[in-house]
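These notes concern the structure reproduced below.
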Amino acid sequence: MRFTSLLAAATALLGTASAWTLTDNYQGNTFFDGFTFFTGPDPTHGTVQYVDRATAESQDLIAVGGDGVVIMKADMTNVTPNGRPSVRISSNKTYNSGLFILDVKHMPFGCGTWPAAWMVGPNWPAGGEIDVIEGVNTQGANQMTLHTSEGCTMDTGASSQTGNWITTNCYVNAPGQSSNQGCGVGDPSSNSYGDDFNANEGGVFATKWEPDSGIQIWFFPRGSIPGDISSGNPDPSSWGTPKADFPFTSCSSSYFSDMVYVFDLTFCGDWAGASGVYNSQYGCPSTCSDYVINNPTAFTEAYWAINYLKVYQQ
Ligand SMILES: *[C@@H]1O[C@H](CO)[C@@H](O)[C@H](O)[C@H]1NC(C)=O
């Protein structure tokens, strides 16, 4: 062994090697500058009207508070026959690996809502999809899901996680799974989503994507956020077992490429609005679209409050 590699080995043993370096810090007054506002029809067929930045600003659907907290919300005042105005934004930057640390203080919740914080590549599903926070209506805990082209499955024996497998084939048209179900993991803790999450002032979702070790997602509720995250020196090796562990043994990093980070809030649509879901599963009133269009005051909880999204690379 040459001296330089000895030195590298010693450094690794001392734990000072392979630190994660901050490359993008989305927060406060400059948060929205790094994102593009999506204004097309909702690909998931929601009862929603996505607005551009100028409209979102003039209608107070986006704001940055004096405390630096970034707000994104839906219209809470008008009857909206063409769908409820809301916001969907994608990062201008694209990623092919990294550590994505998202600190959320409040998330949208309630009958009709379908919020998500997620990553997606081009030519879906070719570039893949990683859903970090997602749920519908009055869902009780978070769901973390991958969606891919054919051939990516989850080798559950190679996975070590505290969450529960819902489905294990990430292919969007997998036989024996619902259309576009993907491979999903349920967080067992109610503080990971919705009203329990909001009552606890949210927490931190950390998503680590590395070509060798797969995709892992941790959730730390407010009050239990590791000090190395708060101090900006994240060390995933000290965080313990993740909520979701998607290994690259019978999948690979090639199913995910040039991904943007997305925040959105839609209503109804393919998942939240399906009658078997909206009425039967969650006991929500009327039909989803009728409820969303006609009851603006039902949506006072339909907003994101975000402390920051920080991206680190090795
Ligand atoms: C991000 O893209 C949007 C439009 O696509 C643009 O208006 C904005 O200036 C871009 N942000 C940066 C920092 O380049």
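Whole-Hz Karplus values for segment 95-107 come out as 10, 10, 3, x, 10, 10, 10, 10, 9, 10, 9, 8, 10 Hz, taken residue by residue from phi with 6.51 cos²θ - 1.76 cosθ + 1.60 and θ = phi - 60°; glycine and proline positions read x.
Each eigenvalue of the Cα gyration tensor of the chain, multiplied by 5 and square-rooted, gives one semi-axis; in descending order these are 33, 23, 18 Å. Between ASN96 and ASP67, the modelled labels are 4.0 nm apart [label points 7 Å from Cα along Cα→Cβ].
Would you kindly state how much longer the chain becomes between SER257 and THR300 on full extension, computed as 0.36 nm times their sequence separation minus their alpha carbon distance, in nm to one decimal?
Values: separation 43, 0.36 × 43 = 15.48 nm, distance 3.61 nm.
So the extension gain works out to 11.9 nm.
Relative contact order of the chain, taken over Cα pairs closer than 8 Å and 6 or more residues apart, is 30 percent.
If each DSSP helix of 4+ residues adds -39,500 (n - 2.57) and the sum is divided by the residues in the chain, what number results at 222 nm, nearest 500 deg cm²/dmol?
Working: 6 runs with 39 residues, N = 314.
It lands at -3000 deg cm²/dmol.
Of the two radii for segment 233-314, the radius of gyration is 1.10 times the Kirkwood radius, both from the alpha carbons; that is the Rg over Rh value. Summary value for segment 161-314: 15 percent relative contact order, contacts being C-alpha pairs under 8 angstrom separated by 6+ residues. Simple rule: put +1 on each Lys or Arg Cβ and -1 on each Asp or Glu Cβ in segment 66-152, find the dipole, and look at LEU146, PHE100, ALA126; the Cα lying farthest toward the positive end is PHE100.
Lys and Arg at +1, Asp and Glu at -1: add these up for the other residues within a Cβ distance under 13 Å of ASP245 and post the number. Don't jump to the answer; show the numbers that get you there.
Numbers: positive: LYS208, LYS243; negative: ASP155, ASP187, GLU210.
Spelling it out: positives minus negatives among the neighbours equals -1.
Provide the FRET efficiency to the nearest 0.05 for the ASN82-ASP60 pair, computing r from the beta carbons and using R0 = 22 Å.
Values: r = 19 Å, r/R0 = 0.86.
With R0 = 22 Å, the Cβ-Cβ based efficiency is 0.70.
For segment 155-270, the carbon plus sulfur part of the accessible surface works out to 43%, probe radius 1.4 Å. A Cα-only calculation for segment 182-250 places Rg and Dmax at 13.0, 39 Å.
At 1.4 Å probe radius, can you tell me the per residue accessible area of the chain in Å²?
Numbers: 12850 Å² over 314 residues.
Normalised by residue count, the accessible surface of the chain is 41 Å².
In terms of overall dimensions, segment 59-167 has a Cα radius of gyration and Dmax of 16.7, 50 angstrom.
Can you tell me the alpha carbon radius of gyration of segment 17-90 divided by the globular rule-of-thumb value 2.2 N^0.38 Å?
Numbers: Rg = 15.1 Å, N = 74, 2.2 N^0.38 = 11.3 Å.
Rounded to two decimals, the normalised Rg is 1.34.
Between the helical axis of 3-14 and the dominant principal axis of the chain, each derived from Cα atoms, what acute angle in degrees is found, rounded to the nearest 10? With rounding to tens, the tilt is 50 degrees.
The values are calculated or read from the model by the stated rules, or taken from the named source; none is laboratory data. The shown structure was predicted, so the numbers you read here are calculated from the model rather than taken from an experiment. In this analysis, Cβ positions are derived from the backbone assuming ideal geometry, glycine residues included, and neighbour counts consider all displayed protein chains. What goes into the accessible areas is simple: the full protein's heavy atoms, side chains included, and nothing from ligands, DNA or RNA. Shrake-Rupley method; radii C 1.70, N 1.55, O 1.52, S 1.80 Å.
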